[in-house]
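This report concerns only the one structure given below.
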Amino acid sequence: MSFALATPSYRGDIERCRLLCASIDRFVTGHAVHYLLIEDRDLPLFRDFEGPRRRVLAESEVLPRWLKSWPDPFSLGRRRVWTGLGAAARGIPPLRGWHAQQLRKFAVAKASAEDVILFADSDMLFVRPFDLASLMKDGATRLYRKPDNITAEMEPHRAWCENASTLLGLASPAYPGPDYINNMVSWRREHVLSLLALIERRSGRDWVTAIARDRRFSEYMIYGYYVERLLGLEAAGHWPDPRELCKVYWINEDVEGFERLDSFEEVLAPWQVAVGVQSFIGEPLDRIRALFERQARQAS
(Lines give C-alpha, C1' and ligand atoms only; values in the text may rest on other atoms or scores of the structure.)
Protein backbone atom coordinates (compact mmCIF):
# COMPACT_ATOMS: atom_id res chain seq x y z
CA MET A 1 0.00 0.00 0.00
CA SER A 2 1.11 3.56 -0.71
CA PHE A 3 0.15 6.47 1.55
CA ALA A 4 -0.48 10.20 1.28
CA LEU A 5 -1.37 12.98 3.69
CA ALA A 6 -3.83 15.69 2.67
CA THR A 7 -4.49 19.05 4.32
CA PRO A 8 -7.06 21.64 3.22
CA SER A 9 -5.88 25.09 4.30
CA TYR A 10 -6.21 28.81 3.56
CA ARG A 11 -4.41 32.08 4.15
CA GLY A 12 -5.88 32.57 7.61
CA ASP A 13 -4.25 29.34 8.78
CA ILE A 14 -1.00 29.66 6.88
CA GLU A 15 1.31 29.87 9.89
CA ARG A 16 -0.48 26.99 11.59
CA CYS A 17 -0.15 25.03 8.36
CA ARG A 18 3.55 25.86 8.27
CA LEU A 19 3.91 24.42 11.77
CA LEU A 20 1.96 21.30 10.75
CA CYS A 21 4.31 20.80 7.80
CA ALA A 22 7.34 21.19 10.07
CA SER A 23 5.88 18.59 12.41
CA ILE A 24 5.24 16.17 9.54
CA ASP A 25 8.80 16.63 8.31
CA ARG A 26 10.07 15.96 11.83
CA PHE A 27 7.87 13.10 12.99
CA VAL A 28 5.96 11.44 10.13
CA THR A 29 7.24 8.66 7.87
CA GLY A 30 5.82 6.19 5.39
CA HIS A 31 4.06 8.62 3.05
CA ALA A 32 4.83 9.33 -0.58
CA VAL A 33 3.46 12.86 -0.63
CA HIS A 34 1.68 15.48 1.46
CA TYR A 35 -0.99 17.36 -0.51
CA LEU A 36 -1.99 20.90 0.47
CA LEU A 37 -5.47 21.67 -0.89
CA ILE A 38 -5.63 25.42 -1.44
CA GLU A 39 -8.01 28.00 -2.87
CA ASP A 40 -6.58 29.50 -6.06
CA ARG A 41 -6.20 33.03 -4.72
CA ASP A 42 -3.99 31.69 -1.90
CA LEU A 43 -1.60 29.79 -4.17
CA PRO A 44 1.16 32.45 -4.17
CA LEU A 45 1.22 32.32 -0.36
CA PHE A 46 1.68 28.55 -0.25
CA ARG A 47 4.05 27.90 -3.15
CA ASP A 48 7.12 27.91 -0.91
CA PHE A 49 5.64 24.97 1.01
CA GLU A 50 6.31 22.67 -1.94
CA GLY A 51 9.15 20.19 -1.82
CA PRO A 52 10.16 16.67 -2.80
CA ARG A 53 7.27 15.16 -0.84
CA ARG A 54 4.85 18.07 -0.60
CA ARG A 55 2.58 19.30 -3.39
CA VAL A 56 0.23 22.27 -3.44
CA LEU A 57 -3.00 21.49 -5.29
CA ALA A 58 -5.09 24.43 -6.48
CA GLU A 59 -8.83 24.18 -6.06
CA SER A 60 -9.26 24.67 -9.82
CA GLU A 61 -7.21 21.49 -10.38
CA VAL A 62 -9.64 19.33 -8.44
CA LEU A 63 -13.05 21.06 -8.47
CA PRO A 64 -15.15 22.35 -11.41
CA ARG A 65 -14.41 25.90 -12.50
CA TRP A 66 -18.07 26.91 -12.19
CA LEU A 67 -17.67 26.75 -8.40
CA LYS A 68 -15.54 29.72 -7.35
CA SER A 69 -15.02 31.75 -4.22
CA TRP A 70 -16.10 35.36 -3.96
CA PRO A 71 -16.04 38.00 -1.21
CA ASP A 72 -19.16 37.69 0.92
CA PRO A 73 -20.96 41.05 0.65
CA PHE A 74 -22.81 40.38 3.92
CA SER A 75 -19.51 40.30 5.84
CA LEU A 76 -17.97 43.31 4.06
CA GLY A 77 -15.62 40.93 2.28
CA ARG A 78 -14.12 39.44 5.46
CA ARG A 79 -15.46 35.99 4.57
CA ARG A 80 -15.77 34.07 1.31
CA VAL A 81 -18.63 32.25 -0.36
CA TRP A 82 -18.36 29.57 -3.05
CA THR A 83 -20.94 30.21 -5.75
CA GLY A 84 -21.36 31.47 -9.32
CA LEU A 85 -23.83 31.36 -12.19
CA GLY A 86 -22.96 27.74 -12.95
CA ALA A 87 -23.42 26.71 -9.34
CA ALA A 88 -26.72 28.57 -9.04
CA ALA A 89 -27.97 26.99 -12.27
CA ARG A 90 -27.27 23.58 -10.72
CA GLY A 91 -29.28 24.42 -7.61
CA ILE A 92 -26.26 24.77 -5.34
CA PRO A 93 -26.70 27.36 -2.58
CA PRO A 94 -23.76 29.59 -1.61
CA LEU A 95 -21.19 27.48 0.23
CA ARG A 96 -18.79 28.39 3.00
CA GLY A 97 -15.11 27.56 3.27
CA TRP A 98 -15.70 24.43 5.32
CA HIS A 99 -17.99 23.10 2.58
CA ALA A 100 -15.32 23.72 -0.06
CA GLN A 101 -12.70 22.01 2.11
CA GLN A 102 -14.88 18.92 2.41
CA LEU A 103 -15.33 18.80 -1.37
CA ARG A 104 -11.56 19.09 -1.84
CA LYS A 105 -11.08 16.02 0.37
CA PHE A 106 -13.25 13.96 -1.96
CA ALA A 107 -11.59 15.47 -5.02
CA VAL A 108 -8.00 14.76 -3.97
CA ALA A 109 -8.66 11.07 -4.70
CA LYS A 110 -9.01 11.97 -8.38
CA ALA A 111 -5.74 13.93 -8.40
CA SER A 112 -3.63 11.45 -6.43
CA ALA A 113 -2.34 7.95 -7.04
CA GLU A 114 -1.73 6.71 -3.49
CA ASP A 115 -3.84 3.88 -2.04
CA VAL A 116 -4.56 5.45 1.36
CA ILE A 117 -5.15 9.13 2.17
CA LEU A 118 -4.80 10.41 5.74
CA PHE A 119 -6.35 13.82 6.43
CA ALA A 120 -4.46 16.17 8.75
CA ASP A 121 -6.12 19.52 9.48
CA SER A 122 -3.93 22.60 9.43
CA ASP A 123 -4.66 23.44 13.08
CA MET A 124 -2.99 20.25 14.34
CA LEU A 125 0.61 19.14 14.60
CA PHE A 126 2.41 15.85 15.09
CA VAL A 127 4.35 15.57 18.33
CA ARG A 128 5.39 11.90 18.32
CA PRO A 129 6.87 9.63 15.65
CA PHE A 130 4.16 8.26 13.37
CA ASP A 131 4.53 5.84 10.46
CA LEU A 132 1.52 5.76 8.14
CA ALA A 133 2.07 2.03 7.72
CA SER A 134 0.73 1.72 11.29
CA LEU A 135 -2.74 2.48 9.86
CA MET A 136 -2.71 -1.05 8.45
CA LYS A 137 -3.68 -4.21 10.31
CA ASP A 138 -3.72 -7.56 8.51
CA GLY A 139 -4.05 -5.78 5.19
CA ALA A 140 -6.95 -3.58 6.35
CA THR A 141 -6.86 0.22 6.74
CA ARG A 142 -7.80 2.00 9.94
CA LEU A 143 -11.16 3.81 9.94
CA TYR A 144 -12.07 6.02 12.87
CA ARG A 145 -15.41 4.76 14.15
CA LYS A 146 -16.88 5.61 17.56
CA PRO A 147 -19.91 3.39 18.25
CA ASP A 148 -23.20 4.92 19.39
CA ASN A 149 -21.73 8.42 19.53
CA ILE A 150 -24.47 10.16 17.51
CA THR A 151 -27.93 10.38 19.05
CA ALA A 152 -31.24 11.50 17.56
CA GLU A 153 -31.07 14.74 19.57
CA MET A 154 -27.79 15.87 18.06
CA GLU A 155 -27.91 18.58 15.40
CA PRO A 156 -26.37 19.07 12.93
CA HIS A 157 -25.10 15.50 13.22
CA ARG A 158 -28.53 14.03 12.56
CA ALA A 159 -28.87 16.09 9.37
CA TRP A 160 -25.45 14.86 8.23
CA CYS A 161 -26.51 11.26 8.83
CA GLU A 162 -29.81 11.66 7.00
CA ASN A 163 -28.08 13.42 4.11
CA ALA A 164 -25.48 10.65 3.77
CA SER A 165 -28.20 7.99 3.77
CA THR A 166 -30.17 9.80 1.08
CA LEU A 167 -27.13 10.29 -1.16
CA LEU A 168 -26.28 6.60 -0.95
CA GLY A 169 -29.83 5.29 -1.27
CA LEU A 170 -29.85 3.86 2.26
CA ALA A 171 -32.68 3.64 4.75
CA SER A 172 -32.78 6.32 7.43
CA PRO A 173 -30.10 5.63 10.03
CA ALA A 174 -30.86 4.20 13.47
CA TYR A 175 -29.81 6.07 16.61
CA PRO A 176 -27.59 6.00 18.50
CA GLY A 177 -25.25 5.47 15.60
CA PRO A 178 -21.54 5.41 14.84
CA ASP A 179 -19.50 8.57 14.44
CA TYR A 180 -16.76 8.79 11.79
CA ILE A 181 -15.84 12.45 12.33
CA ASN A 182 -12.43 13.13 13.84
CA ASN A 183 -8.92 14.33 13.18
CA MET A 184 -6.56 11.97 11.34
CA VAL A 185 -9.21 10.06 9.39
CA SER A 186 -7.90 7.66 6.74
CA TRP A 187 -9.70 6.69 3.52
CA ARG A 188 -8.95 4.21 0.79
CA ARG A 189 -8.71 5.99 -2.54
CA GLU A 190 -10.43 3.19 -4.49
CA HIS A 191 -13.53 3.57 -2.30
CA VAL A 192 -13.65 7.35 -2.69
CA LEU A 193 -13.68 6.91 -6.47
CA SER A 194 -16.38 4.24 -6.38
CA LEU A 195 -18.38 6.30 -3.87
CA LEU A 196 -18.38 9.36 -6.13
CA ALA A 197 -19.30 7.20 -9.13
CA LEU A 198 -22.24 5.75 -7.20
CA ILE A 199 -23.47 9.21 -6.21
CA GLU A 200 -23.34 10.30 -9.84
CA ARG A 201 -25.25 7.23 -11.04
CA ARG A 202 -27.95 7.59 -8.40
CA SER A 203 -28.41 11.36 -8.80
CA GLY A 204 -27.87 11.73 -12.54
CA ARG A 205 -25.64 14.70 -11.72
CA ASP A 206 -21.92 15.28 -11.24
CA TRP A 207 -20.84 14.39 -7.73
CA VAL A 208 -20.10 17.99 -6.66
CA THR A 209 -23.63 19.07 -7.58
CA ALA A 210 -25.22 16.00 -5.99
CA ILE A 211 -23.45 16.54 -2.67
CA ALA A 212 -23.50 20.34 -2.48
CA ARG A 213 -27.17 20.88 -3.36
CA ASP A 214 -27.84 20.33 0.35
CA ARG A 215 -25.28 22.17 2.47
CA ARG A 216 -25.90 19.85 5.43
CA PHE A 217 -23.29 17.29 4.48
CA SER A 218 -20.34 15.70 6.22
CA GLU A 219 -17.61 14.11 4.13
CA TYR A 220 -16.66 11.71 6.92
CA MET A 221 -20.23 10.53 7.48
CA ILE A 222 -20.76 9.96 3.75
CA TYR A 223 -17.58 7.88 3.45
CA GLY A 224 -18.22 6.03 6.70
CA TYR A 225 -21.76 5.07 5.69
CA TYR A 226 -20.54 3.96 2.28
CA VAL A 227 -17.82 1.61 3.48
CA GLU A 228 -19.79 0.24 6.43
CA ARG A 229 -23.43 0.19 5.42
CA LEU A 230 -23.00 -0.49 1.70
CA LEU A 231 -19.71 -2.36 1.33
CA GLY A 232 -19.25 -3.75 4.81
CA LEU A 233 -16.07 -2.86 6.71
CA GLU A 234 -14.38 -6.22 6.29
CA ALA A 235 -15.14 -6.40 2.57
CA ALA A 236 -13.96 -2.80 2.19
CA GLY A 237 -10.64 -3.58 3.84
CA HIS A 238 -11.17 -1.34 6.86
CA TRP A 239 -10.76 -2.04 10.56
CA PRO A 240 -12.67 0.19 13.02
CA ASP A 241 -10.85 2.11 15.74
CA PRO A 242 -12.64 4.29 18.34
CA ARG A 243 -9.41 5.82 19.64
CA GLU A 244 -8.59 9.42 18.82
CA LEU A 245 -5.04 9.67 17.48
CA CYS A 246 -5.04 13.45 17.94
CA LYS A 247 -5.61 15.18 21.29
CA VAL A 248 -7.83 18.17 20.46
CA TYR A 249 -8.36 21.35 22.47
CA TRP A 250 -11.81 22.75 21.75
CA ILE A 251 -13.35 25.94 23.07
CA ASN A 252 -14.72 24.10 26.12
CA GLU A 253 -11.34 22.68 27.08
CA ASP A 254 -9.46 23.82 30.16
CA VAL A 255 -7.46 26.53 28.41
CA GLU A 256 -5.69 27.41 31.65
CA GLY A 257 -4.57 23.79 31.83
CA PHE A 258 -3.13 24.08 28.34
CA GLU A 259 -1.25 27.21 29.33
CA ARG A 260 0.33 25.37 32.28
CA LEU A 261 1.71 22.62 30.06
CA ASP A 262 5.45 22.07 30.07
CA SER A 263 5.19 19.27 27.52
CA PHE A 264 2.55 17.68 25.32
CA GLU A 265 3.52 14.39 26.92
CA GLU A 266 1.55 15.45 30.00
CA VAL A 267 -1.78 15.17 28.17
CA LEU A 268 -1.27 12.54 25.46
CA ALA A 269 -2.70 9.05 25.71
CA PRO A 270 -0.21 6.30 24.83
CA TRP A 271 -1.68 5.91 21.32
CA GLN A 272 -1.93 9.63 20.51
CA VAL A 273 0.65 11.14 18.16
CA ALA A 274 -0.70 14.63 17.46
CA VAL A 275 -2.29 17.66 19.11
CA GLY A 276 -4.95 19.96 17.66
CA VAL A 277 -5.48 23.45 19.04
CA GLN A 278 -8.54 25.16 17.61
CA SER A 279 -7.72 28.72 16.61
CA PHE A 280 -10.87 30.10 18.22
CA ILE A 281 -9.71 29.26 21.77
CA GLY A 282 -7.27 32.15 21.39
CA GLU A 283 -4.06 30.31 22.27
CA PRO A 284 -1.10 32.20 20.75
CA LEU A 285 0.68 30.32 17.98
CA ASP A 286 4.04 31.23 19.54
CA ARG A 287 3.06 29.22 22.62
CA ILE A 288 2.10 26.21 20.50
CA ARG A 289 5.31 26.50 18.47
CA ALA A 290 7.43 26.64 21.63
CA LEU A 291 5.83 23.45 22.94
CA PHE A 292 6.42 21.75 19.60
CA GLU A 293 10.08 22.78 19.48
CA ARG A 294 10.54 21.47 23.03
CA GLN A 295 8.92 18.20 21.98
CA ALA A 296 11.17 17.94 18.92
CA ARG A 297 14.31 18.53 21.03
CA GLN A 298 13.27 15.88 23.54
CA ALA A 299 12.69 13.39 20.74
CA SER A 300 16.15 14.00 19.24
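Of all the residues in segment 160-187, those that are more than 19 Å from the chain's Cα centre (by Cα) and either within 19 Å of A212 (Cβ to Cβ) or charged (D, E, K, R) (or both) number 6.
Checking A274, A197, A290, A236 one by one, the residue that is crowded, with 17+ Cβ neighbours inside 10 Å and over 17 Å from the mean Cα position of the chain (by Cα) is A236 and no other. The residues of segment 48-78 that are touching a Pro at 6+ places or on another chain (Cβ under 9 Å) and surrounded by fewer than 13 Cβ atoms within 10 Å (Cβ to Cβ), listed by number, are W70, G77, R78.
For segment 27-45, the count of residues that are free of Cβ contacts under 8 Å to residues at least 40 places away in the same chain, crowded, with 16+ Cβ neighbours inside 10 Å and acidic (D, E) is at least one. Checking each residue in segment 206-233 for being among the charged types (D, E, K, R) and either more than 20 Å from L67 (Cβ to Cβ) or under 18 Å from the mean Cα position of the chain (by Cα) (or both) picks out R215, R216, E219, E228, R229.
Screening P156 against (1) closer than 12 Å to M221 by Cβ; (2) at pLDDT 95 or above leaves a single unmet condition, (2). Return a yes/no flag: does segment 5-14 have any residue that is over 29 Å from T141 (Cβ atoms), touching an Asp or Glu at 6+ places or on another chain (Cβ under 6 Å), surrounded by fewer than 23 Cβ atoms within 10 Å (Cβ to Cβ) and touching a residue at least 24 places away in the same chain (Cβ under 8 Å). So far as segment 5-14 goes, yes, one or more of its residues are over 29 Å from T141 (Cβ atoms), touching an Asp or Glu at 6+ places or on another chain (Cβ under 6 Å), surrounded by fewer than 23 Cβ atoms within 10 Å (Cβ to Cβ) and touching a residue at least 24 places away in the same chain (Cβ under 8 Å).
Does M184 satisfy the condition of being of a type outside the set (D, E, K, R), closer than 30 Å to P270 by Cα and part of a loop (DSSP other than H, G, I, E, B)? Yes, satisfied.
Only one of the listed residues (L261, L245, L196, L285) is of a type in the set (A, V, I, L, M, F, W, C) and over 28 Å from C21 (Cα atoms). That residue is L196.
Which count do you get for residues in segment 131-156 that are closer than 19 Å to S186 by Cα and in contact with a His (Cβ under 7 Å, 6 or more places away or on another chain)? Residues flagged as closer than 19 Å to S186 by Cα and in contact with a His (Cβ under 7 Å, 6 or more places away or on another chain) within segment 131-156 amount to 4. Contact map, segment 269-289: residues that are touching a residue at least 60 places away in the same chain (Cβ under 8 Å) paired with residues that are of a type in the set (S, T, Y) and not in a helix (DSSP H, G or I), Cβ distance under 6 Å, separation 6+ or inter-chain. Pairs shown: V277/Y249. For segment 244-258, state whether one or more residues are more than 22 Å from D123 (Cβ to Cβ), surrounded by fewer than 21 Cβ atoms within 10 Å (Cβ to Cβ), in contact (Cβ under 8 Å) with a residue 24 or more places away in the chain and not hydrophobic (A, V, I, L, M, F, W, C). For segment 244-258, residues more than 22 Å from D123 (Cβ to Cβ), surrounded by fewer than 21 Cβ atoms within 10 Å (Cβ to Cβ), in contact (Cβ under 8 Å) with a residue 24 or more places away in the chain and not hydrophobic (A, V, I, L, M, F, W, C): absent. Of the strands (runs of 3 or more DSSP E) lying entirely inside segment 1-83, those carrying at least 1 residues that are more than 14 Å from A120 (Cβ to Cβ) are 33-38, 54-58, 68-71, 80-83. From the list A87, A100, A120, the lone residue that is more than 30 Å from R289 (Cβ to Cβ) and either surrounded by 14 or more Cβ atoms within 10 Å (Cβ to Cβ) or in contact with a strand residue (DSSP E or B) (Cβ under 7 Å, 6 or more places away or on another chain) (or both) is A87. Filtering segment 112-151 down to residues that are of a type in the set (G, A, S) and either modelled with pLDDT under 95 or assigned to a strand (DSSP E or B) (or both), which residue is farthest from S300 (Cα to Cα)? Looking at the filtered set, the residue picked out is A140. Could we say that D138 is in contact (Cβ under 8 Å) with a residue 40 or more places away in the chain, under 27 Å from L19 (Cβ atoms) and of a type in the set (D, E) here? So D138 does not fit the description; no.
The values are calculated or read from the model by the stated rules, or taken from the named source; none is laboratory data. In this text the structure is predicted, and so the values were computed from the model without any measurement. Heads up, the Cβs are rebuilt from the backbone with ideal geometry, glycines too, and the neighbour counts pull from every protein chain shown.
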